[in-house]
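Heads up, the thing below is written out as structure tokens.
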Amino acid sequence: MNITNEPVDAVVVGLGWTGAIMAIELAKAGLRVRALERGPDRPNAEFAYPKPADELAYAHRHKIMQSPRQAGFTVRRTRDETAQPMRVLGKFRLGDGVGGSGLHWTAVQIRPTPTDLKLKTFVDEHYAPGALDEELQIQNYPVSWDEIEPHMDFFDRVTGTSGEDGKDPFEGPRTSPYPLPALKDTLNCAMFRGQAEKMGYHPFSNPSAAVSQAYTNPYGQQIAPCNYCGYCSFYACLNYSKASPQTTILDTLNRMPNYDYLTGANVTKVELHPDGKTARGVTYVDNDGNEVFQPADIVILASFSLNNVRLMLNSKIGQQYDPLTGEGTVGRNYAYQLGSGYTMFFKDKEFNPFVAAGPTGVMFNDFGPGNFDSSQLGFVGGAKVHSSQATGNPISMAMMPGSPKWGPGFNKALKDSYGHSMAVKMTISNVSTRGNYLDLDPTYKDPYGMPMLRMTYDYPQNDLRLAEFLNGKVKEIVDALGPDMVVDGTLTTKSRMNYTAGYSSTHNVGGAVMGDDPRTSAVNRYLQSWDVHNVFVPSGSAFPQNFQANPTALIGALSYWCAQAIKDRYLQNPGPLV
Amino acid sequence: MTQTPSTPPQQGLRRRELLIGSAIAMTAATLGIPFGRLTAAEAAAAGAPDLASYTPTFFDAEEMRALSAICDTLIPADEDGPGALATNVPVFIDLQMDTSYGRGEDWYMEGPHDPNAGDAFGYQLPYDLRTLYRKGLAATDAWSRDQHGAGFADLSGEQRVEALNALSKGEVDFAAYGEPMLDGETFFDFLLQNTREGYLADPIYGGNKGMAAWVMIGFPGARASFLEWVTRHNIPYPLGPVDLGGNFAPLPNVKA
């Protein structure tokens, strides 16, 4: 059945972090706002103790993740391969339902640096022409630190970010200190911190959006102190401690009379006016299979970065990027993040790995871009080096090297391995390249008959050379800590992307990047579509390339920045803001 | 699931005394708990089915025999731990077949399928998990009969280990036994992952009976509250596990 809803001022597609932020800020400005979320809304009762303390359901059966059947992707490394659907969830895991990925995230809320935002300028100033691979398509973020930092500051206050002030000499200037003190160090944190300091690095606690103390945020929502329950990344918080749209925004938003939201509303398309210059609303399919048109004056694409790109392509907003000609912008500069590192085993140490918040850990930024001289090394980028203890769940536990994977001796291997390991890892920036991009798959479709998003992506050699350089540096820390055994899980220049079931990260960014030039960006500096001016796309899809920090701090800030531009300028004079 | 007793505690205890069978005895003996000292945790374990008398919901009797023999070979009972049989891992796998996971409801199953796309693309077969198990168990048994004149469950311990080694290394050609697409290595990877899950997941899913695998490794299960423990470094956590059903298991060396 075809249904048309009553019009609203603004429709928000997706109710994760960006959707919640956009909805509350636009509703506060007096707009009539409706959010459309394709997944379910889960009552708090579902997250009551001890229900989320269930490794099988959350970490292995992906209870609160989007399933490949419902919202999948096809994947390949290079253009000469035939993309295959990612049939079983694994490498990256998007959230499903109200809260989006903000419900199951690890809640490390580290900011990028001013250099990360102006990486193109950094390259131009520090590298000789031709010193870097020709395939790189590095671009500046089209906002200055002074413009975006106040929004990171506000988002920190929304989430109650808990961190150590003044310990990271490489961080950009802050409007205000962390709202709360850092989480406590577990044993691995203390060991890593001590060793890193001894070697002249500048370690500090992972900035955490699982809060260290009771906290009331600017919306009046109250968050309880984290109890290090050990069920955080992949889980919904059982303690109202991890910042999520639910714990920090939605209880307030849901009480506003000019706001409502629908679940089970799967948006398939943004509908354009005949001239293609403005959108007239969105079409969604509800749980009964009805096709519903939701008219709106403003369309906010606030689903996960990859889904935003797919919606733009399926709606013909902007032109598909072509890696051969370099023309077109939607799908351009898709980027990810690289994980590399070592796992150490200590027979005589008890790490109690089940004592953990998702963000429990210590990191240093001495290898961020510009913080060490890489101008002669043939690569650009950097890494955060960290030792985190995010979970001690046993099904996925690390096993000592050389131990049997099954059969005789397996029980002993489990006993000897569990609780006796810690890791030192690198989260490595990812340059954008000409050949890493997104488009629509020619073969595979979703349950609504819409083409799936096709991902063409492999690790750039630039980043793998950076990884190899860092491996040596990090190995010095590992050796100095004196473990009994080490598992080498590092990347080398021979490493390739794979889509097996092992998790890497959900830091998929780019594909609808922000910029000052409509030939190389899909949205302008206010996250407004260059082509359809009443469509705004505040999400990780706006990142021109990925940095070494976790993405959520900037995604939240970009959402506030976008909302402010709409409130202060667009509403008075709807049209292109640039 | 049905593993948590719905009867009042006193009745549960009486029921336990009636139900103590070989599997319970093995668990208790492995943990070094004298029979006279069985507590609420063992009562909960006793509410779980006895593997020998368990009626599978998905597998037929022959498949269940083969699956149990495989689980036993993957995680055998020994002086360090209870093993897959005493902890009901085959029960766990059987029950998983009747979930959305077993039915492949979350997987993208539309064609075309290219099973030869390569390891980088992950799982690409057109089978949901229950189909994969059915085919894999049949092919494994057929291969075993061809090699040894007996199904997997009737092989000697040594032969079983050899057979699983061959499966895990991709040395068994399932195509010769009527399965042109499913390869032994893929089947083995699911067997191992699911066996490990059944051993270490919450008992609510039918395995890890009595939380015995958690006791073995020192994992406190669903306690999920450690605010005061975060700063106590390098000290073994003293309390045994609790499960999602609210049951607790004692440490073997702590007097209840």
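Bear in mind that the values in this text are calculations on the coordinates, not laboratory data. In this text, all values refer to a predicted model and were calculated from it rather than measured experimentally. Here the Cβ is made from the backbone with ideal geometry for all residues, glycine too, and neighbour counts use every protein chain on show.
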**Asked** Where does each of A:328-337, A:476-485 land if you order them by average Cβ count within 10 Å, highest first?
**Response** A:328-337, A:476-485
**Computed [θ] at 222 nm, helices only, for the protein assembly as shown once each DSSP H run of length n ≥ 4 contributes -39500 (n - 2.57)** = -8000 deg cm²/dmol
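Mean separation of Cα pairs under 8 Å and 6+ residues apart, divided by the residue count of chain A: what relative contact order is that in percent? Intermediate results must be reported in sequence, preceding the final value.
Values: 1469 pairs, mean separation 131.0, N = 578.
So the answer I get is 23 percent.
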**Asked** What FRET efficiency would be calculated for the residue pair A:Gln376, A:Asp488, taking the C-beta separation as r and a Förster radius of 25 Å, to the nearest 0.05?
**Response** 0.40
**Asked** In whole angstrom, how far apart do the alpha carbon centroids of the stretch A:62-138 and the stretch B:157-202 sit?
**Response** 33 Å
**Complete:** Expected sort for A:533-546, A:423-436, A:118-131 on mean C-beta neighbours within 10 Å, highest first, is A:533-546, A:423-436, A:118-131
**Item:** Cα lying deepest toward the dipole's positive end in the protein assembly as shown, options B:Ser100, B:Thr57, A:Ile110, charges on Cβ
**Value:** A:Ile110
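Provide the FRET efficiency to the nearest 0.05 for the B:Asn165-A:Arg519 pair, computing r from the beta carbons and using R0 = 60 Å. Write down the numbers at each step before the final one.
Details: r = 58 Å, r/R0 = 0.96.
Given R0 = 60 Å and the Cβ-Cβ separation, E is 0.55.
About the Cα centre, and with charges only on the beta carbon of Lys, Arg (+1) and Asp, Glu (-1), how big is the dipole of the protein assembly as shown? Nearest 20 debye, please. Spell out each step's value before the answer.
On the way: 68 positive and 90 negative charges, 271 e Å.
Computed about the Cα centre, the dipole is about 1300 debye.
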**Message:** Based on alpha-carbon atoms only, what is the radius of gyration of the stretch A:460-549 relative to the globular estimate 2.2 N^0.38 Å?
**Reply:** 1.55
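Per residue of A:403-416, what is the mean number of Cβ atoms on other protein chains within 10 angstrom of that residue's Cβ? Intermediate values should be presented prior to the final figure.
Details: counts 0, 0, 4, 16, 9, 5, 3, 11, 14, 5, 1, 10, 5, 2.
Across A:403-416, the average partner-chain Cβ count within 10 Å equals 6.
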**Asked** Taking the convex hull of the alpha carbon atoms in chain A, what volume per residue do you get, in Å³?
**Response** 146 Å³
**Net charge of neighbours whose Cβ lies under 11 Å from the Cβ of A:Ser233, counting Lys and Arg as +1 and Asp and Glu as -1** = +2
**Request:** Pull out the extension gain between B:Ala176 and B:His148, defined as 0.36 nm times the separation in residues minus the alpha carbon to alpha carbon distance; nm, one decimal.
**Result:** 8.5 nm
**Complete:** Ordering A:87-98, A:440-451 by per-residue average of other C-beta atoms within 10 angstrom, highest first, gives A:87-98, A:440-451
**Other protein chain Cβ atoms within 10 Å, averaged over every residue that makes up A:69-75** = 3
**Asked** At a Förster radius of 30 Å, what calculated FRET efficiency corresponds to the Cβ-Cβ distance of A:Ala501 and B:Thr57, to the nearest 0.05?
**Response** 0.75
**Asked** How far apart, in nm, are two points set 7 Å out from the Cα along the Cα-to-Cβ line at B:Ser100 and at A:Asp275?
**Response** 4.5 nm
**Complete:** quick shape note, the stretch A:57-192: Cα extents on principal axes in Å, largest first -> 45, 45, 34
**Request:** Starting from the exponent 0.38 and prefactor 2.2 Å, build the expected Rg for the stretch B:56-207 from its residue count and divide its actual Cα Rg by it.
**Result:** 1.02
**Request:** Round to a whole angstrom and tell me the spacing of the C-alpha centers of the stretch A:387-428 and the stretch A:460-501.
**Result:** 18 Å
**Message:** I'd like the distance separating the alpha-carbon centroids of the stretch A:502-560 and the stretch A:183-224, in whole Å.
**Reply:** 27 Å
**Request:** Please give the direction-averaged projected area of the C-alpha convex hull for the stretch B:104-155, in square nanometres with one decimal.
**Result:** 4.8 nm²
**Message:** Based on the alpha carbons, how large is the Rg to Rh ratio for the stretch A:410-530 when Rh follows Kirkwood?
**Reply:** 1.09
**Request:** Using +1 at the Cβ of each Lys and Arg and -1 at the Cβ of each Asp and Glu in the stretch B:56-207, identify which of B:Phe121, B:His148, B:Phe190 lies farthest towards the dipole's positive end.
**Result:** B:His148
